[in-house]
Structure formats: structure tokens, C-alpha cells
1. Rank the residues Val79, Val100 as a footprinting-exposure proxy: fewest other Cβ atoms within 10 Å of their Cβ go first.
2. In nm, what is the difference between 0.36 nm times the number of residues separating Gln98 and Thr72 and their Cα-Cα distance?
3. If R₀ is 25 angstrom, what is the calculated FRET efficiency for the pair Trp64 and Trp106, using the beta carbon separation as r and rounding to 0.05?
4. If you add up the charges near Met43, with Lys and Arg at +1 and Asp and Glu at -1, over every other residue whose beta carbon is less than 14 angstrom from its beta carbon, what do you get?
5. Counting Lys +1, Arg +1, Asp -1, Glu -1, what net charge surrounds Pro87 among other residues with beta carbon under 14 Å of its beta carbon?
6. Could you list which residues have their amide H under 5 Å from that of Gln109, counting only those 5 or more apart in sequence or on another chain, with H placed in the peptide plane?
7. Please give the FRET efficiency for Trp113 paired with Thr45, using the beta carbon to beta carbon distance and R0 = 22 Å, rounded to the nearest 0.05.
8. Using a 10 Å cut-off on Cβ atoms, rank the peptides 81-93, 49-61 from the highest mean neighbour count down.
Amino acid sequence: MTRNSAFLAGAAALALATVTACAVYGVPYRHYGPPPSGVVYVMTTPPTPRTVIIPPRPSSVSVWISGYWNWTGVDFVWVDGRWDNNPPRAGAQWVPDQWVKTKKGWYRQPGHWK
């Protein structure tokens, strides 16, 4: 093997290792986009909500939107809470997401303004 071909083989191996390191096999895809439309029933009990330290309020009109467990179609992922600096109206209150148990399974009732 010449020095040039050894270099090319090493570069190819490094490129292959880099590409395969980006793919995580056996781990479910975690989709962080909006939830699917319609009601999705889950047979698995959702985890209990996380206890978090709420950061300081950035302004007097800011309203805390609590985090929640979202179902990806494969597993639950935690969506962090955040401050909303633009509530729909003065005095608006956020009603947090909740998981509701039915005979068909669990479904997520998204949070909303009240």
C-alpha cells in the first residue's frame, strides 16, 4: 500500500466513522414540533411532571407557561416551560397541559389561555 492510498483509506474510514457517529441506532426519533392533529391515545401512563426552578420573570406582563410531557408516537419527551412575554390580554392566565385517562388510554389536553 502506498502512502497516498493509505492516506485515502484513513480519510475514508474517518469520514465513515464521522457519519455513523451522527446516527444513533436503537434510539427513538424525538420530534419536538407541534403535536399531531386530533386526539392521540397512549396506553402508557405518562411520567409525572418535572419539578423545575422557574427563572426570574423578565417583565411584569410575562406569564409562565409550564413544561409538559409530549408523546412522540414512540415515547414521552419533556418540553421545557418558558416565559411568554406577550399574553393575549392583560390578566390572562395559562391553564397547563394535562394528561387525561380514559377507557381508550391517555390523551394530552394541551394548555390554553383563560
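Quick note: the coordinates plus some simple rules give every number you see, no bench work behind them. Every value quoted in this text rests on a predicted model; they were computed, and no experiment measured them. Please note: Cβ atoms are built from the backbone with ideal geometry, for glycine as well, and neighbour counts cover all protein chains shown.
1. Least to most surrounded, the residues fall as Val100, Val79.
2. Result for the pair: 7.8 nm of gain on full extension.
3. 0.55
4. Taking every other residue near Met43 into account, the sum is +3.
5. Residues close to Pro87 contribute a combined charge of +3.
6. Gln98, Trp99, Val100
7. 0.20
8. Top of the packing list down: 81-93, 49-61.
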